[in-house]
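One structure is given here, and the rest of the page talks about it.
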Amino acid sequence: MSYLRAKDAVGGAMGTCFAIIDGERYELMQVKEVTATVKKTKTELSILGLTAKQVKSGGWSGTGKMKAYYVSSLFREMMLKYMKNGEDLFFELLITNEDPDSEAGRQSVLLKGVNLDEMVLAALDVDSSALEEEMTFTFEDAELMESFAAL
C-alpha cells in the first residue's frame, strides 16, 4: 500500500515568487503568502427526461491574493500610474514551490496577464512590529512550467 510520507509534504515557506514587469524580473522576497485560484464558469442545462440539471463548462476566471510585508513601493508605483494617467500595467508572477526535504521536487507556475485590483496605498499601525499588506489581483492565463515528481 502506498502512502504519503510526512517529509514529502511541501513546506509552504519553501519557495520563491518573482514579478516580471516590462521584461524586468523582481524577486518578491517580502511576500508571505500567494494564492491563485481558477474558477470555472458553468451553465446549468435542463435535459428532457431527467429531473436533475446537468452542467456544461463554458470558461474560467482567475483571481488571487498576495500578502506581503509592507517594505516595497513597486506595486504602489504601478497603482499610482493607473490613478494618475490611466496607464494600467499587466505583468507576470512566477511562483515556485521547492522544499529540499521533500522528494516531490519543484513546481513552478507562471501567471500571465496579472492585474492588480486592490492594495494598500499607505499604512501606519502603532501596535505592529512589522506592517503587512494584502493585494488582490486577476490573471488571464497560466502555465505549469515545472511539475512535482510523482511520488
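The values are calculated or read from the model by the stated rules, or taken from the named source; none is laboratory data. Keep in mind it's a predicted model, so treat the numbers as computed, not measured. Backbone-built Cβ (ideal geometry, glycine too); neighbour counts: all protein chains shown.
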Next item on the list: Select from the range 87-105 the residues that are among the hydrophobic types (A, V, I, L, M, F, W, C), crowded, with 17+ Cβ neighbours inside 10 Å and modelled with pLDDT of 95 or more and list them in ascending order.
Entry: PHE91, LEU93, LEU94, ILE95
Check: For the subset of the range 1-50 comprising residues that are within 24 Å of GLU132 (Cβ to Cβ) and among the aromatic types (Phe, Trp, Tyr), which member is surrounded by the most Cβ atoms within 10 Å (Cβ to Cβ)?
Finding: PHE18
Checklist line | Filter result for the condition that a residue is surrounded by 12 or more Cβ atoms within 10 Å (Cβ to Cβ) and either in contact (Cβ under 8 Å) with a residue 12 or more places away in the chain or not hydrophobic (A, V, I, L, M, F, W, C) (or both), over LYS67, LYS84 | finding: LYS67
Item checked: Single unsatisfied condition, GLY58 versus (1) within 17 Å of the chain's Cα centre (by Cα); (2) without any contact (Cβ under 8 Å) to a residue 40 or more places away in the chain -> (1)
Next item on the list: Would you confirm whether any residue within the range 78-90 is within 26 Å of LYS40 (Cα to Cα) and assigned to a strand (DSSP E or B)?
Entry: no
Check: Can you find even one residue in the range 106-116 that is surrounded by 13 or more Cβ atoms within 10 Å (Cβ to Cβ), modelled with pLDDT of 95 or more, among the basic types (Lys, Arg) and under 11 Å from the mean Cα position of the chain (by Cα)?
Finding: yes
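Conditions (1) closer than 16 Å to LEU28 by Cα; (2) part of a strand (DSSP E or B); (3) in contact with a Lys or Arg (Cβ under 7 Å, 6 or more places away or on another chain), marked per residue:
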residue	(1), (2), (3)
GLY62	no, yes, no
MET66	yes, yes, no
LEU93	yes, yes, no
LEU110	yes, yes, no
GLY113	no, yes, no
ASP127	no, no, no
ALA142	no, yes, yes
Item checked: Of all residues in the range 1-39 being in contact with a Lys or Arg (Cβ under 9 Å, 6 or more places away or on another chain) and not aliphatic (A, V, I, L, M), the one that is farthest from ALA150 (Cα to Cα) -> LYS32
